[in-house]
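Here the structure comes first, spelled out in structure tokens, and everything after it is commentary.
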Amino acid sequence: MAKTNEVVPSISLSSWDYISPGFEIVHPDSSFPNMIIGDINNCYWSYLRRDIPHKWYVDKDEPFIGFLNRDEVHILYNTALKFAGKKALEIGCLRGWSACHLALGGVELDVIDPFLAREDVYESISNSLRLANVLDSVNLVAGYSPQKVEELAKELQHKWSLIFIDGDHESPAPLNDTIVCEPLAEDDALILFHDLTSPDVAQGLDYLKEKGWNTIVYQTMQIMGAAWRGNIEPIKHQPDPKINWNLPEHLQHYSVSGL
């Protein structure tokens, strides 16, 4: 198996551990010893797409909440490569799986999550990022968005070029996170969303579309989306051709990458 933070041309993946063709691939699994393949029947969230057979990963201590799957974290990683050396922000990190992929892409990452106030969570995430050799480029901040986003921007005196919103998924939280982030994004910036299967989360992408940002969605298990402005382009993604994809009604007005 490839070293934790080494880009590899190919790795052995099962047929249901899809990664879009053309993506650079990293495989930091050894840095997450508590990560296991989850049982979707343990998740009661109504917006989990149980009909998509891609592997659903969880932390064995919290088996009810899913990580981004393999394809989704590679959207993060390959997007981060376009912003290497620039400032990035992540709202909501669970156990650090997504943060690790962003940091492996070379960004200087600030992470805001209220669960970082828990010593066991902070230590688990820090240990994983240390094993992946990216801890020095990640600033872990305990706190609730959107308030902590404003506080951190004032404290650090910088804006962010890449923002990933994956915090509280219940309305109005995703919209409020988006509203606070928009003026704190650089002129050339891209904002990513996860779990657009939920119309509550989609309110954030809708807001940016209405504000004139360019938008696109990625057909993944939980549907990701990107909004961007200025001199930047989102990565191109090819949905798994083995799956008969559908788009929820609340996303019908969006273009889908690769389709």
Can you pull out every residue in the stretch 232-246 that is under 30 Å from Asp187 (Cα atoms) and surrounded by 14 or more Cβ atoms within 10 Å (Cβ to Cβ)? Ile232, Pro234, Ile235, Lys236, His237, Gln238, Pro239
How about the stretch 44-74: which of its residues are assigned to a loop (DSSP other than H, G, I, E, B), within 19 Å of the chain's Cα centre (by Cα) and farther than 25 Å from Glu24 by Cα? Trp45, Tyr47, Leu48, Arg49
Among the numbered criteria (1) in contact with a Ser or Thr (Cβ under 8 Å, 6 or more places away or on another chain); (2) surrounded by fewer than 24 Cβ atoms within 10 Å (Cβ to Cβ), which single criterion is violated by Leu184? (1)
Could you tell me whether any residue of the stretch 155-164 is out of contact with any Ser or Thr (no Cβ under 9 Å at 6 or more places or on another chain) and free of Cβ contacts under 8 Å to residues at least 12 places away in the same chain? yes
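For the stretch 33-44, name all the residues that are out of contact with any Lys or Arg (no Cβ under 7 Å at 6 or more places or on another chain) and under 20 Å from Leu129 (Cβ atoms).
Taking the stretch 33-44 as the starting set, the residues that turn out to be out of contact with any Lys or Arg (no Cβ under 7 Å at 6 or more places or on another chain) are 33, 35, 38-39, 41-44.
Matches in the stretch 33-44: Pro33, Met35.
I'm checking my understanding of the structure. Among residues of the stretch 6-45 that are under 26 Å from Val121 (Cα atoms) and among the hydroxyl-bearing types (Ser, Thr, Tyr), which one is modelled with the lowest pLDDT? Break it down stepwise before answering.
Quick first cut of the stretch 6-45, residues under 26 Å from Val121 (Cα atoms) only: 6, 26-45.
Now narrow it down to the ones that are among the hydroxyl-bearing types (Ser, Thr, Tyr): 30-31, 44.
Details: Ser30: 95, Ser31: 97, Tyr44: 89.
If we take residues in the stretch 6-45 being under 26 Å from Val121 (Cα atoms) and among the hydroxyl-bearing types (Ser, Thr, Tyr), then Tyr44 is modelled with the lowest pLDDT.
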Expected single match for of a type outside the set (Ser, Thr, Tyr), touching a strand residue (DSSP E or B) at 6+ places or on another chain (Cβ under 8 Å) and free of Cβ contacts under 8 Å to residues at least 24 places away in the same chain among Gly85, Gly167, Gly92 is Gly85
Taking the stretch 202-231 and the residues there that are touching a Ser or Thr at 6+ places or on another chain (Cβ under 8 Å) and assigned to a loop (DSSP other than H, G, I, E, B), the one that is surrounded by the most Cβ atoms within 10 Å (Cβ to Cβ) would be Ile223
Six or more apart or on different chains, Cβ atoms under 9 Å: show the pairs whose first residue is in the stretch 223-234 and among the β-branched types (Val, Ile, Thr) and whose second is surrounded by fewer than 21 Cβ atoms within 10 Å (Cβ to Cβ) and in a strand (DSSP E or B). Ile232/Asp188
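Here is a check on your reading of the model: is Arg130 closer than 28 Å to Pro241 by Cα, surrounded by fewer than 19 Cβ atoms within 10 Å (Cβ to Cβ), touching a helix residue (DSSP H, G or I) at 6+ places or on another chain (Cβ under 9 Å) and not polar (S, T, N, Q)?
Values: closer than 28 Å to Pro241 by Cα: no; surrounded by fewer than 19 Cβ atoms within 10 Å (Cβ to Cβ): yes; touching a helix residue (DSSP H, G or I) at 6+ places or on another chain (Cβ under 9 Å): yes; not polar (S, T, N, Q): yes.
In short, no.
Any residue in the stretch 244-255 that is under 17 Å from the mean Cα position of the chain (by Cα), within 21 Å of Leu48 (Cα to Cα) and touching a residue at least 24 places away in the same chain (Cβ under 8 Å)?
no
The values are calculated or read from the model by the stated rules, or taken from the named source; none is laboratory data. This structure is a prediction, so every number in the text was calculated from the model and none was measured. Neighbour counts are summed over all protein chains in view; Cβ atoms, including those assigned to glycine, are modelled from backbone coordinates with ideal geometry.
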